[in-house]
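**Q** One structure, as structure tokens, below. Some questions next.
A short reminder: the numbers here are calculations on the coordinates, not readings from a lab. These numbers were taken from a predicted model, which means no experiment stands behind them. Because the Cβ atoms are built from the backbone with ideal geometry, glycine has one as well, and the counts that use them run over all protein chains shown.
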Amino acid sequence: MRLWHKVVIPLLILAVASGCYLATSKPETKSAANNQAQNTTAIEDAPTAQEDSSAETSDVVISKEDLHKSDVPLPDKDMVEKVQAELFKDVKKEDLEKAKKTVHELHMYFESGFVYEAENWIEKYSDPNSPGWVFWEKTGTIEIPGYTEKVYNGKDGNWYIQRLKEVKAAFADKTAFTDDITKVQELISEAVKNHDIKNLWYAHQVLHDLDYWVLNYPIQYPKGTAAPPDWKGVETYFGTTGVFRR
């Protein structure tokens, strides 16, 4: 069986994404192929990409072992709680809980993609000419270039962008936070547009910081809940969030 057949809504990902969310948190390069210009698939509602959205370094090491490599000091507990108090103020409880769950699930989707062999994003998307990029461009029954059998895909880049749009709606007047969410949307949009795995790599870092250090701080995995794909990430901060730089 072709490896690509294993990427269609993997049960393992769904289990991790749904099981890891904690409701009791104390609530923080363009190298695409020439024929890419012919791709007419639109990333709907994606913000216009800003210059700082794309990867600015060409020597980033993209590997499973380096996924949570960071020398940035962890945010101070008092600082996080102060940011949370301001961010959560006047946000409806149901909207807040939904936003926490959504960001955590998206974070786990990305982390699983870089960690689990069944997903293996690094192998599948390091090459901008990889036929696997069609999974980021289309949903439904799709054809993979070079393969005869059609498969079903439930999540493309636009699916992630739409979920993040829903999160932003709950924090409409919290500019620093919505700017962070916009950053993730832009990175995903640029990744799909240019077939650039570095932007997926950086999108994971922002989602990680927003999940573990903003929305769902302090992160916990009580007995009986699914563990994160990579435990090292629980004590890692990348310093990507604007809410701590105001």
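**Q** Among 69, 138, 89, which comes first, second and so on when ranked by fewest other beta-carbon atoms within 10 Å? Kindly include the intermediate steps, with their values, before the conclusion.
**A** Working: 69 11, 138 15, 89 8.
Starting with the residue having the fewest Cβ neighbours, the order is 89, 69, 138.
**Q** While we're looking at this one, here's another question. Which ³J(HN,Hα) values, rounded to whole Hz and listed in residue order, are derived for the stretch 192-209 from phi using the Karplus coefficients 6.51, -1.76 and 1.60 in 6.51 cos²θ - 1.76 cosθ + 1.60 with θ = phi - 60°, glycine and proline given as x?
**A** 5, 4, 9, 6, 10, 5, 4, 5, 5, 4, 6, 4, 4, 4, 5, 4, 4, 5
**Q** Rg/Rh for the stretch 153-246: what does it come to with C-alpha atoms and Rh from Kirkwood?
**A** Numbers: Rg = 14.0 Å, Rh = 14.3 Å.
Expressed as Rg/Rh, it is 0.98.
**Q** Then there's this: Students often check this: by mean Cβ neighbours within 10 Å, which of 71-77, 231-237 ranks highest, and how do the rest follow? Don't skip to the answer; put the middle values down first.
**A** Values: 71-77: 11.9, 231-237: 15.4.
Listed from highest to lowest mean packing, they are 231-237, 71-77.
**Q** Can you put 183, 174 in order of Cβ neighbours within 10 angstrom, beginning with the fewest?
**A** Fewest-to-most ranking of 183, 174: 174, 183.
**Q** What would the Debye equation give as log₁₀ I(q)/I(0) for the stretch 71-201 at q = 0.21 Å⁻¹, counting only Cα atoms as equal point scatterers?
**A** -1.30
**Q** On to the next question. Using 0.36 nm per residue, how much length does the chain from residue 96 to residue 138 gain when fully extended, once their Cα-Cα distance is taken away? Intermediate results must be reported in sequence, preceding the final value.
**A** On the way: separation 42, 0.36 × 42 = 15.12 nm, distance 2.96 nm.
Using 0.36 nm per residue and subtracting the Cα-Cα distance, I get 12.2 nm.
**Q** While we're on this one: Sort 119-126, 222-229, 105-112 by packing, meaning the average of other beta carbons within 10 Å per residue, with the highest value first. Write out the running numbers ahead of the final one.
**A** Values: 119-126: 17.8, 222-229: 12.4, 105-112: 23.9.
So the order, starting with the most tightly packed, is 105-112, 119-126, 222-229.
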